[in-house]
Amino acid sequence: MEFAKRAFRGGVHPPEKKRTKDCPITDIKDISLVRIPMNMAIGAPCKPTVKAGDHVDIGQVIGEPSGIAVPIHASISGKVKAVKAEYMGTGDMMVLVDIENDFQYTVADTVTPPVIKDQASFVAAVKASGLVGLGGAGFPTHVKMMPPSDKKPDVLLINAMECEPYITSDDRQCIENTASIIRGIAHVLKWQDIPKALIGIENNKKESAQALKDEINAQGQSERMEVRIFPVRYPQGAEKTFIQAATGRIVPAGGLPHDVNVTMMNVSTVNYLNMYLETGMPLVHRVLTLSGDCPNHPGNYRVPIGTRISELIEKAGGTLREPRKVLMGGPMMGLAMSDYSTPVVKNNNAILLLDEGADVPKEGPCINCGRCVDACPMGLVPNRLNKATKRKDFDRLDELAVMNCIECGCCSYECPARIQLVQSIRTGKIFYHSALKKLQEKREAAN
């Protein structure tokens, strides 16, 4: 195993709070109702292929994709209760397919291992699996398999960093599903004709790192795969920072990994890819961490896609106290939920139930200390971006490269005045994108 040195600027090291790292993955199958959104990834929403009253089986397509989107499948067998649009706990309007469980666990006849003959059939299979990046971004996995012809990847980076506090779902899969992960990586190397793979993992996951190393040797893949251990530092698992730390290459502003000849995948994604290739079962469940200071039994759970947060909490043993904040994801980049009926989606790796630290601190005045600048891994100036956002200053936001912000939250974490910098910058990005679109439309109309 190779140990890496610090290779990107900025970053922070919040308390890890990996309280569930020794909790084996527990299956929760007896979910009474799933609510499956028709939009769980980057791309256009899927069109429902079922209606209220229909019977569905596990693995059956219930959402037909268009464009780069991937299909959505039933995660339980039973009766479709409703197909309707409503606001989610995230504040987004989505169409949901509600399915009542018949507890028969019937698998659809269409669930059969795909036949892979070449790169094209491999990409088609990846799309049919419904896979998206399971580390949080939700980018359709098959799109990563289709880089431009002049940007052929020479390395496959596997992200096992899991650098956010609390979350341990990837860590447990590295320990419990090691063989499947390595076989999944081998499939990608073979069909994408990539010469080597590098698995990046932080040095607080020694058991996982050793398990991966041992399995690489057991499968005779040591010439093509390596495990590299990195110092613990958030946001090491973010796409651009991981690429820079692992290869020294810098993804250009607005660019993608293939611009620097890299394919990057999350360790959970390659695990599920291998399971699909071997069984034909598409992405209908996922492993997530339930943690925080409120769950009665924090742990790592495998649940059907569409499981409501409320039922997950109930099946996992309830709470010690009423949480004052519920996060989908980690404390640095997760989203606060307003509704317990919000369902688990494909790229949801954690549910945090918090009491301690749930209050939003009162903001003070900026003292221009520069700590946000030092912490920013993208080399931005967050305090100035905040001021430009408040003024709705398009030119200044453009000059300060607001769209390069990866919304990691390091600036807000470091700010002694407790200014909600990342939330402000997120607003600035929305304003900038809208203003840029209007400007482009105006120019096109003038021509």
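The values are calculated or read from the model by the stated rules, or taken from the named source; none is laboratory data. Being a predicted model, the structure only gives us computed values, none of them experimental. Because the Cβ atoms are built from the backbone with ideal geometry, glycine has one as well, and the counts that use them run over all protein chains shown.
Key figures for this structure:
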{"item": "Of residues in the stretch 124-141 being under 23 Å from residue 161 (Cβ atoms) and assigned to a helix (DSSP H, G or I), the one modelled with the highest pLDDT", "result": "126"}
{"item": "Options 232, 262: the member that is assigned by TED's automatic domain parsing to the domain that holds residue 120, touching a residue at least 12 places away in the same chain (Cβ under 8 Å) and buried (at least 24 other Cβ atoms within 10 Å of the Cβ)", "result": "262"}
{"item": "Flag for residue 53 being part of a loop (DSSP other than H, G, I, E, B), surrounded by fewer than 19 Cβ atoms within 10 Å (Cβ to Cβ) and modelled with pLDDT of 95 or more", "result": "yes"}
{"item": "Single match in 66, 32 (criterion: in contact (Cβ under 8 Å) with a residue 24 or more places away in the chain, of a type in the set (Ser, Thr, Tyr) and outside the structural domain of residue 244 (by TED's automatic domain parsing))", "result": "32"}
{"item": "Total residues in the stretch 122-170, condition of a type in the set (A, V, I, L, M, F, W, C) and over 19 Å from residue 349 (Cα atoms)", "result": "12"}
{"item": "Among (1) at pLDDT below 95; (2) exposed (fewer than 14 other Cβ atoms within 10 Å of the Cβ), the one test that residue 109 misses", "result": "(1)"}
{"item": "Residues of the stretch 290-310 classified as of a type in the set (Gly, Ala, Ser), surrounded by fewer than 23 Cβ atoms within 10 Å (Cβ to Cβ) and outside any strand (DSSP E or B), total", "result": "1"}
{"item": "Flag for residue 352 being at pLDDT 95 or above, crowded, with 19+ Cβ neighbours inside 10 Å, assigned to a loop (DSSP other than H, G, I, E, B) and not aromatic (Phe, Trp, Tyr)", "result": "no"}
{"item": "The stretch 407-447, subset part of a loop (DSSP other than H, G, I, E, B) and more than 21 Å from the chain's Cα centre (by Cα), residue farthest from residue 233 (Cα to Cα)", "result": "447"}
{"item": "In the stretch 71-109, the residues that are of a type in the set (Val, Ile, Thr) and under 27 Å from the mean Cα position of the chain (by Cα)", "result": "72, 76, 83, 90, 95, 97, 99, 107"}
{"item": "Options 278, 239: the member that is over 21 Å from residue 22 (Cβ atoms), at pLDDT below 95 and touching a Pro at 6+ places or on another chain (Cβ under 8 Å)", "result": "239"}
